[in-house]
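Report on the following structure.
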Amino acid sequence: MATRTDVAVIGAGIVGLATAYSLQRAGVSVTVYEAGEPGGGQSAGDSRIFRHAHADPRLARFAVRSRGLWREWGDDLGAELVSLDGAVALGPGVDEKIDALAEVDGVDARRIDAAELAERLPILASHDGPAMLDAGGGSIHASIVVERLVSRLGDALVRDHVLTVRPTGAGTVEIRTGTRRAEHAYAVVCAGRGTASLAHGLGLSLPIRNAAHVRVSFDVAGAAPSSLATLQDSSGAFGEAAVYAAASVDRTRYGVGIAEEVPVNDDGRSVDPDALQGLAERTVAYVRRALPGLDPAPVGHVHCWVTTLPWGDDGVAVWEHENVALVAGHNLFKQAPALGGVLAELAAGGALPDELRPSARLGHA
Ligand SMILES: Cc1cc2nc3c(=O)[nH]c(=O)nc-3n(C[C@H](O)[C@H](O)[C@H](O)COP(=O)(O)OP(=O)(O)OC[C@H]3O[C@@H](n4cnc5c(N)ncnc54)[C@H](O)[C@@H]3O)c2cc1C
């Protein structure tokens with residue numbers, strides 16, 4: 001890494017935490033500003049899916065880098081951060097995904113039959129349609145990751161809301177928060193839903209679309225199984241065309257979502273609770289049909305804002321403005337180690353890889 005020594009990171013979601021941890025590991029001093037609870041925004045909840053399959057092969061390769069770093073980080077942080085249970089996908093597109101992943105070094109993805117599917121995902125109803133296993137995928141233990149990274153940050157985490165980010169013209173960036181004014185050599189804005197407004201203050205208009213989403217958690221009925229792969233179901237066999245699910249660390253709980261967003265009202269700040277309720281009810285109905293190994297009574301909800309870029313649900317990009325970088329995208333949890341590494345390099349004086357420039361449309365659908 002190069003020589004800048006004092007970096008501000010705005011937002012302690014997974015992207016900001018990953019950036020700060022990468023900076024710390026490189027010996028760069030960092031201050032993370034967080035308005036709310038670290039990991040309380042789009043990074044909330046106990047699990048996420050790690051999968052390699054992406055429509056854009058560049059992003060699949062980026063995911064391979066992240067998978068390696070998740071292992072390395074797990075060793076350093078003293079916890080398994082991604083389960084070894086694999087990621088299962090159902091639906092007519094699996095052969096295409098397997099073919100695409102065959103071109104990506106470091107991925108073990110293959111078709112599985114109904115018997116192996118039942119072994120990998122014993123809570124699923126009997127299913128003999130096309131199924132794929134990504135053996136290096138699995139459930140990211142999201143809340144453990146956040147807790148370990150926050151603990152590493154220690155006093156470097158400042159609980160305050162950032163109002164403005166402004167390059168001073170003298171090689172520093174001024175940060176104004178609720179109760180302080182500080183200058184840093186560089187700033188990385190990883191503020192999720194707050195990124196667009198901080199960008200606006202810099203004269204930048206980022207093409208971020210806001211929506212809302214709900215994911216519902218269910219208890220596993222009976223004893224925890226010895227394997228509980230993640231699920232992406234686009235088979236339609238159980239009445240929904242796009243469902244995803246991931247397991248808690250002890251495999252006693254499964255978080256299930258229908259991959260649909262709830263539009264934001266015209267005021268840009270509120271959503272219709274009935275729409276969220278409707279999506280949650282469809283999720284319960286899906287669980288009754290597809291996942292008989294779960295108790296269908298919901299035991300938890302994650303309600304979240306979702307920020308997406310125009311070129312796809314997995315789209316991600318970094319904007320640079322003088323000595324400020326701003327990151328935006330969706331489905332970033334799995335990518336956080338590699339993305340945080342890139343942002344840390346940039347903040348420390350390195351260059352932004354071309355593939356992360358907005359014009360490269362990384363993660364296009
Ligand atoms: C239900 C759900 C399921 C998902 N499933 C997956 C999945 O399976 N796999 C996957 O890879 N991804 C998944 N995602 C997406 C992934 O979780 C997000 O892309 C990722 O968590 C975004 O992290 P972030 O750090 O960019 O944003 P956030 O987690 O939103 O963090 C931004 C932080 O910035 C803070 N902030 C905002 N404005 C300011 C300000 N002005 N001053 C100070 N702090 C500020 C906020 O309080 C927040 O804590 C899912 C998302 C949801 C909601």
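Read-outs: derived from the displayed coordinates by stated rules, not from any lab. These numbers come from a predicted model, not from an experiment. So basically every Cβ, Gly included, is an ideal-geometry build from the backbone, and we count neighbours across all protein chains shown.
Just a few scattered comments:
- Bridge type composition, segment 9-162 - antiparallel percent by DSSP, nearest 5: 70
- Backbone phi angles across segment 308-324, fed through the Karplus curve with coefficients 6.51, -1.76 and 1.60 (θ = phi - 60°), yield HN-Hα couplings of 10, 9, x, 8, x, 5, 9, x, 8, 7, 10, 9, 10, 9, 6, 9, 10 Hz in residue order; Gly and Pro are listed as x.
- Taking the DSSP bridge list for the chain and keeping only pairs wholly inside it, about 75 percent are antiparallel.
- Nearest-20 debye value, the chain charge dipole, Cβ charges on Lys, Arg, Asp, Glu: 660
- For segment 188-245, a/c is not less than 1.5, where a ≥ b ≥ c are the root eigenvalues of the C-alpha gyration tensor, and a/b tops b/c. That puts it in the prolate class.
- Sorted largest first, extent of the chain alpha carbons per principal axis (Å): 64, 44, 36
- For segment 105-148 versus segment 227-277, the gap between their alpha-carbon centres in whole angstrom: 17
- Förster-model FRET efficiency, 22 Å R0, R209 and R58, C-beta, rounded to 0.05: 0.50
- Residues whose placed amide H lies under 5 Å from that of G350, excluding near-sequence neighbours: A2
- Which of V318, G203, Y21, positive extreme of dipole for the chain (C-beta unit charges): G203
- All-pairs alpha carbon distance profile, segment 61-174, 10 Å steps from 0, percent: 12, 29, 24, 18, 12, 4, 1
- Under DSSP loop assignment and at most 16 Cβ neighbours within 10 Å, longest trypsin sites (Lys or Arg not before Pro)-free interval of the chain: 1-179
- Residue of L343, L279, L163 that the Gaussian network model of the chain assigns the largest fluctuation, springs spanning Cα pairs under 10 Å: L163
- For V107, residues with placed amide H under 5 Å, excluding near neighbours: none
- As computed over segment 198-346, the Cα convex hull volume per residue (Å³): 136
- The chymotrypsin sites (Phe, Trp or Tyr not before Pro) found in segment 1-96 include none that occupy coil by DSSP while having at most 15 further C-beta atoms within 10 Å.
- Candidates T230, T308, T177: whichever shows maximal mean-square fluctuation once the chain is modelled as a Gaussian network with Cα springs under 10 Å: T177
- For segment 6-15, the Karplus equation 6.51 cos²θ - 1.76 cosθ + 1.60, evaluated at θ = phi - 60°, returns couplings of 9, 10, 9, 10, 9, x, 10, x, 5, 5 Hz by residue, with Gly and Pro reported as x.
- Which of C190, C304 has the fewest Cβ neighbours within 10 Å, and the rest in rising order: C304, C190
- Amide hydrogen proximity for G300: with H placed 1.01 Å from N in the peptide plane, the residues at 5 or more positions away or on another chain lying under 5 Å are S217.
- Computed extension length for R289-A259: 9.1 nm, one decimal, from 0.36 nm per residue of separation with the Cα-Cα distance subtracted.
- Under Karplus coefficients 6.51, -1.76 and 1.60, residue-wise ³J(HN,Hα) of segment 47-63 in Hz, glycine/proline x: 8, 9, 8, 9, 9, 8, 5, 9, 4, 8, x, 4, 6, 5, 5, 4, 5
- log10 of Debye I(q)/I(0), alpha-carbon scatterers only, for segment 1-89 at 0.15, 0.20 Å⁻¹: -0.73, -1.17
- Within the listed set V94, V299, V145, the residue fluctuating most in the Gaussian network model of the chain (springs between alpha-carbon atoms under 10 angstrom) is V299.
- Förster radius 25 Å - calculated FRET efficiency between S197 and A170 (Cβ-Cβ, nearest 0.05): 0.50
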